[in-house]
1. Across the stretch 137-153, in residue order, what do the Karplus-derived ³J(HN,Hα) couplings come to in whole Hz, using 6.51 cos²θ - 1.76 cosθ + 1.60 with θ = phi - 60° and x for Gly and Pro?
2. Give me, ordered by chain and number, the residues 5 or more places off Trp48 or on other chains with an amide H under 5 Å from its own placed amide H.
3. Between Asn77 and Lys102, how many nm apart are label points set 7 Å from Cα along the C-beta direction?
4. If I compute solvent accessible area with a 1.4 Å probe over the protein chains, what percent of it on the stretch 4-148 is carbon and sulfur?
5. With a 1.4 Å probe and all protein chains in place, put Ser111, Ser92 in order of accessible area, largest first.
6. Whole number in Å², please: accessible area per residue of the stretch 4-148, 1.4 Å probe, ligands, DNA and RNA not counted.
7. Using 7 Å Cα-to-Cβ label points, what is the Phe88/Tyr36 separation (nm, one decimal)?
8. Using Cα pairs under 8 angstrom and six or more residues apart, how large is the relative contact order of the stretch 4-148, in percent?
Amino acid sequence: MKTSMQIKEELASQGYIWMPTYKDILQKVWYQTETYFDDDETVLSALWASFKRYDDEMVGIVFITSKRTFTLEILDNDTSTQIRYLPFDSYSLQKIQLQFSKNPGGLHYVSLQNDSFGNGVTFATPNREVAQHFVDTLAGRTNGEIELLPDSDNPLLAENEREQVIDKNLNKAEEIVPHKFEKKHEEIKPMKEFDGWRKAPPEAKEKVVEIKVVPPKKTKPKKEKKNGYGSKWQSKTWLLWFLLPVGVLGLILAIIFII
């Protein structure tokens, strides 16, 4: 368990000096984070932002530590007190998009997309340095592609999200309907069936693909050279030394017999 002061000091050691002064995140989330950290992990970055989780307006902080990545979030209303803890695998992210605002008083967006269809969550923060520090830290902890988009005042959203606009005071979110993705979704027509699909042989789908498993090469063990008494008996050279005197003795007896 870490205190909020320890978390602040660890972030400062990573060059992070910005406290969450946006949408009461400091009081609603930051001061309730102490029980969510282990003593043996280091806090590396923290993205405080507003966002939508399905249809709910949320505020929270996305933490990157030396052990994990997770979000601490709470409903963006005056009555909510329950914090949600949502861990996620940063290596499973397919794409990370970063879009800075043209207007100095606007919002900067970080979109974390977890599949090739563009589904994910987009976080909006008024602090450009916070967004940059978070993406720079995440870059070393993900296999996903990182895209830096042109500066824009238009909200950046994942495909599954609904559009929202933050007012000038950066205090509340307002939904705009219809969303451009919903309109695009209505225009999608059923896919036509090609003639080639019907001509495919029915047994093609039952075809078994052979998978050849190549075993690893066996390494020959090195022969160990044995020394010492008795090792010579395991060699065939001892026969030569045995047969040599026997042959000489036989030759001598043959000469004597002839004489």
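The values are calculated or read from the model by the stated rules, or taken from the named source; none is laboratory data. Being a predicted model, the structure only gives us computed values, none of them experimental. Every residue, glycine as well, gets a Cβ built from its backbone with ideal geometry; the counts of neighbours run over all protein chains shown. Calculation scope for accessible area: heavy atoms of the full protein, side chains included, ligands and nucleic acids excluded. Shrake-Rupley method; radii C 1.70, N 1.55, O 1.52, S 1.80 Å.
1. With coefficients 6.51, -1.76 and 1.60, one gets 5, 5, 4, x, 9, 8, 9, x, 7, 9, 10, 9, 8, x, 4, 7, 8 Hz.
2. Hits under the 5 Å cutoff: Val62.
3. Rounded to a tenth, the inter-label distance reads 3.6 nm.
4. Answer for the stretch 4-148 is 46 percent, counting heavy atoms of protein chains only.
5. Ranked from most to least accessible, the order is Ser92, Ser111.
6. 46 Å²
7. Distance between the two pseudo-spin positions: 1.3 nm.
8. 21 percent
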